[in-house]
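Below is one structure; the comments refer to it alone.
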Amino acid sequence: MFNRERLRRAGGFALFSALMLAGGQANAQAATSVEAAVQKLTGSTSREWIFQQVITKMGSGAECTQGNAYRFYSDHRLVIEKCENGRLVKTTHNWTIVQEGPLDIAITIDGTRYYLLFRDAGGAHLMRLQMRSSSKTQPTNEQEFRLSED
């Protein structure tokens, strides 16, 4: 009787250990995925991602005809440079990044959550911010950026 009870407990412990190990590996994999996404997003210190090439006019440098660029910093700052009404406007934001489920990486920029996707197309590195719709009648909002280093 004692041996059966001891074996049952040992089997339970082995199952518990296996589950803990699997959970630890899932957490390590999630951390690795998040770390890899941060590395792609920021490089060693910062990277600029271009939604629309910034074109400035000759002169002061603050006048522009078009543009929208995001610079992500490894300290979780984001500087958005956008051409608005012919003037180049820079705004600073904060971002956080988390793993959601086994496949999704979510980035939150000043309280707005996006799904973050990376892909390579030819020689270009692309990053997509996707805001999924909460209803079937509203479209999913996507913005695709190209790494400025390309």
Task: Surrounding net charge for residue 98, when Lys and Arg each add one and Asp and Glu each subtract one, Cβ distance under 14 Å - done: -2
Task: Those lysines that a straight Cα-Cα span of less than 20 Å connects to residue 82, excepting residues fewer than 8 apart in one chain - done: 57, 90
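Values in this text are rule-based calculations from the coordinates and carry no lab data. Keep in mind it's a predicted model, so treat the numbers as computed, not measured. So basically every Cβ, Gly included, is an ideal-geometry build from the backbone, and we count neighbours across all protein chains shown.
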